[in-house]
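Worksheet: one structure, shown below.
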Amino acid sequence: MTSELQDLFAFLSFPSVSTDSKHKADLLGCAAWLVEKLSRIGLDTDLHETPGHPIVIARNAHVPGKKTVLIYGHYDVQPPDPLNLWDSPPFTPVIRDGKIWARGATDNKGQMLAHILGIEKTLREKAELPVNIILMFEGEEEIGSPCLAPFLMANRNDLKCDIIAISDTGMVAPNTGTLGYGLRGIACAEIKISGPARDLHSGLFGGAVANPATAAAQLVASLHHPDGTVAIKGFYDEVRPLEKWEHDMWAQVPGVTDQDFLDVTGSPSLFGEPGYTSAERTWARPTVEVNGIGGGYQGEGSKTVLPAEAFVKFSLRLVPDQDPGVILQKLTKHLEAHCPAGVRLEIMPGHSGKPYVSDPHSHFGKAAQRALGRTFPGEPMLIREGGSIPIVQAFREILGVDSLLLGLALADAQIHSPNENFPIANFEAGIRLNQALLEELAH
Ligand code: BES
Ligand code: MN
């Protein structure tokens, strides 16, 4: 095994699940491993404690006059559940069919390490980097980066840079250079619907009191019209229309046709807002998604129970110029207005992040396109993303700097799902891409 793959295997073996407090020590261990790795390649590295998981910062010796590039990534991962659907254990990486299989292989450890190893390689070959770099790695991206914005505020001066580069997004098709210039924002919320003081016999009491699980289903059903559009009043008010040049450009992007969406999802058919392709629906249109719904008996067989409560977890994906706070208010109003009689409704807002869009043809956008052109065959594809990286818009607001999204995540990487994987070819290309990118960003 190459030393690069050995590094990746070591990195992937930390179960750095940020949302689960029982893994706190694993996040710390993973951050300490990064500090050790970055120090060993000659970077000046610090671990910053936060109220949550630590932030790791590393830099080379900065030379006045050189451009400063901030590279961002996250070492935390999503929970591996459901565990029984993995073909091999999530934190014991293995190679099969030319791919590395483990939680975090693509999102984000493989992509993030490609940055680090590209820097290591350039330092070994040339003894210095073409730019000043600041590496910033956090352990809370998958829970909405609660500690990072305050850290940016407090360290504004130390983090001054000209441009930010991130490999934590999609590559539309294998071996296809992909520059992301937009991300959807996100607003999360959870609701609890409660009724009777305790679970009841559904024969003795069914019909006499409202059923919280039924009320939850009615509320969920009220959020969309039958054609798939969102029914919340004013939901689309601030949505910036898709531009014609984007519509035309995206029609040429490989790997994202409606048939590709059908193939990669395994759904019986596509469904969503009329008048848009699947790529447009996910990259440029907002949605309301149910992430979890529960209440009542979940075990084998039947149990005649009228549950005392039910819950629903939501995430709303937002596009420019929607604001998560405003949208959560509209959601709250909608839920209160549509809550059926006979139950209590409690709405708990969760984390959120603003949407982002930038100009792919800016000075640095063109440099990123040249680096992608040097690394992959053909012209790079310019896309927006359906996923969210909540800190990216905060980078712009707090540091005043745009982010280049150089994606290496394939559609079948199964990020956030069982059997996450990252092709060795993408890992190696990512290392070369980082080397080309720093050269191109230097001027
Ligand atoms: N790397 C992803 C986002 C992503 C993946 C963007 C692929 C584009 C293509 C990121 O780690 C992620 O999953 N973010 C979460 C953020 C949320 C939990 C605040 C998301 O989008 O669900
Ligand atoms: Mn993720």
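The values are calculated or read from the model by the stated rules, or taken from the named source; none is laboratory data. Predicted model, so just to flag it, every value in this text is computed and none were measured. Ideal geometry is used to build each Cβ from the backbone, glycine not excepted, and the neighbour counts take in all protein chains shown. Keep in mind that these areas ignore ligands, DNA and RNA; they rest on the heavy atoms of the full protein, side chains included. Shrake-Rupley method; radii C 1.70, N 1.55, O 1.52, S 1.80 Å.
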Would you mind finding the one in 205, 151 that is at pLDDT 95 or above, of a type in the set (Phe, Trp, Tyr) and within 29 Å of the chain's Cα centre (by Cα)? 151
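Condition check ((1) without any contact (Cβ under 8 Å) to a residue 12 or more places away in the chain; (2) open to solvent by 10 Å² or more (accessible area, probe 1.4 Å); (3) in a loop (DSSP other than H, G, I, E, B)) across all residues:
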| position | (1), (2), (3) |
| --- | --- |
| 71 | no, no, no |
| 79 | no, yes, yes |
| 103 | no, no, yes |
| 108 | no, no, no |
| 111 | no, no, no |
| 117 | no, no, no |
| 120 | no, yes, no |
| 124 | yes, yes, no |
| 130 | no, yes, yes |
Mind listing whichever residues of segment 87-101 are assigned to a loop (DSSP other than H, G, I, E, B), open to solvent by less than 50 Å² (accessible area, probe 1.4 Å) and within 15 Å of residue 412 (Cα to Cα)? 98
Can you find even one residue in segment 251-260 that is more than 28 Å from residue 397 (Cβ to Cβ), within 16 Å of ligand 1 (Cβ to nearest atom) and of a type in the set (Val, Ile, Thr)? yes
Report yes if residue 150 is open to solvent by 70 Å² or more (accessible area, probe 1.4 Å) and in a loop (DSSP other than H, G, I, E, B), otherwise no. no
Could you list, in sequence order, all residues of segment 268-297 that are closer than 23 Å to residue 313 by Cα, under 22 Å from the mean Cα position of the chain (by Cα) and without any contact (Cβ under 8 Å) to a residue 24 or more places away in the chain? 281, 292
With respect to residue 203, is the statement that it is part of a helix (DSSP H, G or I) and not polar (S, T, N, Q) true? yes
If we take segment 294-402, then helices (runs of 4 or more DSSP H) inside it with 1 or more residues that are more than 16 Å from ligand 1 (Cβ to nearest atom), surrounded by fewer than 20 Cβ atoms within 10 Å (Cβ to Cβ) and not assigned by TED's automatic domain parsing to the domain that holds residue 218 are 363-375
Which of the residues spanning segment 51-79 are within 16 Å of ligand 2 (Cβ to nearest atom) and either closer than 24 Å to residue 396 by Cβ or not assigned by TED's automatic domain parsing to the domain that holds residue 110 (or both)? 53, 72, 73, 74, 75, 76
Which of the residues that make up segment 1-59 are more than 19 Å from residue 104 (Cβ to Cβ), in contact (Cβ under 8 Å) with a residue 24 or more places away in the chain and loosely packed, with under 14 Cβ neighbours inside 10 Å? 51
